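Read the figures in this text as sums done on the coordinates, not as results from a lab. Bear in mind that the values here come from a model prediction, so they are computed numbers and not experimental data. Neighbour counts are summed over all protein chains in view; Cβ atoms, including those assigned to glycine, are modelled from backbone coordinates with ideal geometry.
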Amino acid sequence: MQFVLLQAIFLPLLLSPVAYFLGRKAGATAAALFSFGLLLYCTVLVITPALSGTSYEEHYQWTQLFGEFGLLLDGLASPFAIIIYVVSTLVALFSKPYMVSRITRVFEEKIKEKQLIGGGTETIESAATKDHVNHQIGAYYALFLVMAMGMLGTVLATNLIEFYVFFEVMLIPAFFMLAFWGYESRRRVALLFFFWTHVGAVILLLGFLSIGLSVGSFNYSDIKTHGIPPHVLGLAAVAIIVGLTVKMASFVVHMWLPHVYKASPTPLNALSSGAMLGVGAYGFFRLIVMLMPGQYEHFALALNIWGLATMIYGGIMALVQDDIRKLFAYSSISQMGYILFGIGSASALGLSGSEMLFISHSLGKVILFMMAGAIILQVGTRSITQMGGLAGKMPITAVCSMIGALTLMGVPPTSGFMSEWTMFYGALQTAIQQGSMIRMITFGLGLVATVITMAYILWMIKRVFFGKLPEHLENTKEANWYVTGPMMVLAGFSVVIGIYPDIFFNQIIPFMKGLVGV
Amino acid sequence: MAILPFDLSSGFGDLSVWAIWILPFAAALIIPAFGRVSKSSTGWVAVAFALASAISAVTLLPAALGNHEIHNQIPWISSIGLKAGVLADPLAVIMSNIVAWISFLIFVYSTGYMKGDKDLTRFFFWMAFFLGSMQLIVLSDNFLQLFFGWEGVGLASYALVGFWYRDKKKDHVGVEGRHVLGLVDYYSPTHSGMKAFIMTKVGDIMMLAGMFLIFAFAGTFGFRELTANTSWATAMSAQHLLIPAAVLLFGGAIGKSAQFPLNEWLLEAMTGPTAVSALIHAATMVKAGVFLVARLAPLFFALAAIGINMDQFFEVIAWVGAITALLLATQGMVHPEIKKVLAYSTGSQIGYMMMALGVAGLSKQFVDGYTAGFFHLISHAMFKASLFMAAGSLLHIVGSRFMTDMGGLRKYMKKTYAFMWAAGLGLMGAPFITTGFWSKDAIFAAVYQSGNSWAIPLFAIAVVTAVITAFYTTRMIGLVFFGNKSKHVEELEKEGHHIHEASPSMWIPYGILAVLTIGVGVMGLAFEHQIHDLFVNYLGSTFGIKSSMDIVATDSQSLLGGFLQGINPIALTASLAAFAIGFGLGYIFYIGRFVDPVKFVNSNIFFYAIHKFFLNRWYLNAIIYWAFVVAPLYAARGLYKYFENIVLEGFNLVPERTMAGGARIMQATQTGVSQSYLYIFGVGILIVVFLLLI
């Protein structure tokens, strides 16, 4: 087993031009299936070493300045890596019908604009549209593959600079996808997105540089053995925490997320919610909990409370949204709050639950975004008040969305329950051990937040799928298998993990126990 | 040890315990496949699997009656060291049999009741899922696995209460246009399903908190492990966490069993098909809460042996039960919808059971209250399932949920009429011949004899509730079957729809249960002594709870001696009087119709006010909506509008505007005139030179 992870990361990057040319020459389906197949192969590559149970590592020469280029798949990284690629693979399929329709729409809008300005009366030839679509879908899949590669690289990195490079790599495709195929004021929002996440990343880099330069190496292992000198420790910790919370869209620094989600095409939403936000959470585990245990203990309670604030605030905001994707945007914020809450729990089970929650959230939220995509495709509206009674028209979508919703609400037998109970239990355990009243209260309020989550999700489901079918939706049809297939796979995963969580717990829990001790 | 997780040497005992709850889930899994072939087949698949599950439950009875228990575990979440398992002790086996058989009858009824519905597959999927979840609760050997079933019944009730998700007018509950405190008292099925799920979830998070507290100290979720080693309890009570944890666990039961203050979801749950209501009220869901308390009460009571006083916990149970019993019974007197009356009645009767279980922990003779509560659970399961199914027939045939739209039906639906009387008498506690009488009497006796300082007020509440119960049951039967035909029925007849008896697949199930209510009732006391006997042994051997055995001894020798010994004269008098008063009043108003109840209520401002107060559900529902739905939503909208979109949006706007503004200034300097550039360049050079010189 050599170069396995190297292949898994760089094949998508190297072959992204192929996706582009395939799209251009052979059409959207070919590009979609090629990307799907490629990512599926890479997913298998990631899963195989994870199956052996022990951690798996690869090292390569890099520049003297930064240290070595390593790829590590341990109990922490492998669940993240697996889920990131599984989600990317499935979203690649889902993207096809959605993006074809979206690109066509954008093209038509452009033509219309031109006509308005130039007063020309040229009609769009269908051949021209098709050509344009193929061209653009190729570009889309090329960007898509690069983004997947960036997310995986961040998770597998063993070196701060490596982490940073991959962290930035995943931004660029997201920026272009948003700017090219987004909705409404997409250019402005793309800039907003880039500005926020880039500022976050630069702050993160500041922390990395201060650590790396004072330790003399950027390798995690070196930092771990040498220890970080105390004079940069506090600064570095704060910089990293701020950088990562921007990525996770925690309360107060979440302002980029609702705009971005409202404006971006749905596959990008699915990918960024299901995988990209979670990379921020991964950073917490790897950089704060592992590399700076002292600082972690110091900040744990603050992170816990910050997480609580985020989960409640996001939930309350989600209650009052009408745009379905904005609702999910706030829901993602809230769910990232759960993860942050778990990160701040300072106990092995709490951390394990938190990582498991990343998995559950990915599964659940990607299903729900696919549902949103399916509805936007079939119905053409994003406003919840315009929907209703769709369960009868789109039964498979409705059932899968319900499973996704249950996953987010943490109802057994979905994976959501397994993650939430371990996480909350971990929080309580720390509260009892430390005899901390504040932690006791955050634990209680955290449980209350699950009721808020339940309220906004069930209400959304009710307004979308139940009730009287409005007249303009009479002719709605079930989405095609590009959409329903991935949804069913994800829903199945969620239930399987919910009943038999050892699939991931076997890796996560021993690792976290080694990390925190308790 | 062995390759198979099951110990086959003892026969198939272990496997049949697993089969009881796995079979319904298996049915749920294959029903969609059958639904593709033929929709009506799904009902029979569900019935067949329910029957198989019930039969495997029966095979456990002999062992259970001999006080043997089956405890079988398999690995589950090995990374935390948690195991999944089944625990079939006498409590679980009896409960499981009740659930299995009553559900089976309801499933048979459903095949008739739901005939022709276009979503049969979905219906039977959830019914089977519901049954499986309930059996999972009953047979789990640990909290975590129990919680799977616990949320499973919540989920199934959500799906079934909101089954008619198109929200047609006929499927609503409440009176259209009626307002209470400015809020509509008229709910759609999907709204009600959501309400049920969220309200029970509030109980569930309390239960989770309680579970976690115990797990944090004990390191196990297992019921038997918790009994075997009680050092966790000592540690918890030293930190004053034991009683909070126990009460939090009871919070779960409050939610599921619709006890005060989480009772309001139960009424709206009437939007589901009536078969579902029967299932929720008689076999699954609300009984889950009582079962949980029955599971936990001996565990906590036994802690007295190591010097831990759990009185506060049992007081909470007893009082919550008593308050709910009275609160819901009063409302049952005035509501016009037949299913709602039955729903109120269920909440109230569950309150009785809770009261008995709570009182058990407060008295020296734990087993008395425990037996009384559980006996009432059994008899209630029989008569309430029967009443609900009969009410379903009425709804089906009359096409209205209002009792005022029925009237005079006794001539047309003779079987339903007779069965409803039989089951209704059980609910009223008609003396000596109904199970309801004996179980209620046992509760009275347990409460009265408990010797606790709360005994007298609790007893008084119990008796008053019994009067009210007899009254509203008589009212229900009177309104439906006596008097003249209502306008609605006359219109139906004009249109050519004649009132007729329900089909056999419908009346046979509720007929069986109605007959059983009387049949078991005739032998009621002997039956009670059997359970009492069993529980004395069970509680003694498993939890070490001692009870005096004399009652049992005399009972087996002479029937008369046992008969007299099991009865407390004061309790007996009270229950006879309660029945007589309640039934008498009901007879005057609704069967004999000597006094017109509407005129009576309107005759006096006091009666009018009280009637309105009850009809408006003590304003509890409206208050809950104002406090937890309307006001928070209003606040959330404000927060979104002003804080999120103005204050926090500043993070986006300020940098954007500053940059845009800065750019505009910079732009203004780019004049494009080379002279001005040169001029500024010269000035700059001069300044630099000056600075260097200084």
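What to note about this one:
- For the protein assembly as shown, the alpha-carbon radius of gyration amounts to 1.02 times the rule-of-thumb value 2.2 N^0.38 Å expected for a compact globular protein.
- With each label modelled as a point 7 angstrom along the Cα→C-beta vector, the B:I30-B:S674 pair spans 9.3 nm.
- With Cα atoms, 0 to 90° folded angle of helix B:311-332 axis to chain B main axis: 80
- Seen through its C-alpha gyration tensor, with square-root eigenvalues sorted a ≥ b ≥ c, the range B:603-694 comes out prolate because a/c lies at 1.5 or above while a/b is bigger than b/c.
- The phi torsions of the range A:269-283, fed into the Karplus equation with coefficients 6.51, -1.76 and 1.60 and a -60° offset, translate into couplings of 4, 4, 5, 6, 6, x, 10, 5, 4, x, 4, x, 4, 4, x Hz, rounded to whole numbers, with Gly and Pro shown as x.
- Label-to-label distance, nm, for residues given as A:I172 and A:T381 (7 Å Cα→Cβ offset): 4.1
- Three-way shape call for the range B:10-126 based on the alpha-carbon gyration tensor, with the a/c threshold at 1.5: oblate
- Where the Cα pairs of the range A:178-247 fall when distances are cut into 10 Å bins, in %: 21, 36, 22, 14, 8, 0
- Per residue of chain A, the DSSP helices (runs of n ≥ 4 H) give a summed -39500 (n - 2.57) that works out to -26000 deg cm²/dmol at 222 nm.
- For the range A:302-518, the equivalent ellipsoid built from the Cα gyration tensor has semi-axes of 34, 19, 11 Å, listed from largest to smallest.
- Amide H contacts of B:F482 (H built 1.01 Å from N, in plane; Pro and chain starts excluded): B:G408, B:L409 sit under 5 Å, all sequence-distant by 5 or more or on other chains.
- Rounded to the nearest 0.05, the FRET efficiency derived from the C-beta distance between A:W62 and A:H198 at R0 = 41 Å is 0.95.
- Proximity of backbone amide H atoms, modeled 1.01 Å from N, is registered between B:I70 and B:A88, B:D89 at under 5 Å, excluding neighbours fewer than 5 places apart on the same chain.
- Table column - 3J(HN,Hα) (Hz), the range B:568-581, Karplus curve with 6.51, -1.76, 1.60, x for Gly and Pro: 9, x, 5, 4, 4, 4, 4, 6, 5, 5, 4, 4, 4, 5
- For the range A:347-388, the residues whose amide N sits under 16 Å from a probe point set 7 Å from the Cα of A:D322 along the beta carbon direction are A:381-388.
- Exposed GluC sites (Glu not before Pro) absent: longest stretch of chain A, with sites in DSSP loops and at most 13 other Cβ within 10 Å deemed exposed: A:185-473
- Set B:K118/B:K340; B:K118/B:K201; B:K118/B:K168; B:K195/B:K256 screened for pairs whose C-alpha atoms are more than 20 Å apart: B:K118/B:K340; B:K118/B:K201
- Relative pair counts by distance (%), Cα atoms of the range B:299-340, 10 Å bins: 25, 30, 21, 16, 8, 0
- Value of D in µm² per second that Stokes-Einstein yields for the range A:367-440, Kirkwood Rh from Cα pairs, at 20 °C (1.002 mPa s): 146
- The angle between the Cα long axis of helix A:230-248 and the main principal axis of chain A comes to about 20°, on a 0 to 90 degree scale.
- Tilt relative to chain B, helix B:242-256 - C-alpha long axis, 0 to 90 degrees, to 10: 80
- Amide H contacts of B:R166: A:G467, each under 5 Å away and 5 or more positions distant or on a separate chain (H built 1.01 Å from N in the peptide plane; Pro and chain starts excluded).
- Taking B:D171, A:D131 and counting other C-beta atoms within 10 Å, the order from fewest to most: A:D131, B:D171
- Cross-link reach is defined here as a Cα-Cα straight distance under 23 Å, omitting same-chain residues fewer than 8 places apart; for A:K96 the lysines meeting it are A:K25, A:K110, A:K130, A:K262, A:K326, A:K365, A:K393, A:K477.
- Remark: spin-label model distance B:Y608-B:R664 equals 6.8 nm, labels positioned 7 Å along the Cα→Cβ axis.
- Taking 0.692 mPa s as the viscosity and 37 °C as the temperature, the Stokes-Einstein diffusion coefficient of the range B:87-159 based on its alpha-carbon Kirkwood radius rounds to 253 µm²/s.
- The HN-Hα couplings worked out from phi for the range A:86-103 by the Karplus form 6.51 cos²θ - 1.76 cosθ + 1.60 (θ = phi - 60°) are 4, 5, 4, 4, 6, 5, 4, 5, 4, 4, 4, x, 5, 5, 4, 5, 5, 5 Hz, whole numbers, x standing for Gly and Pro.
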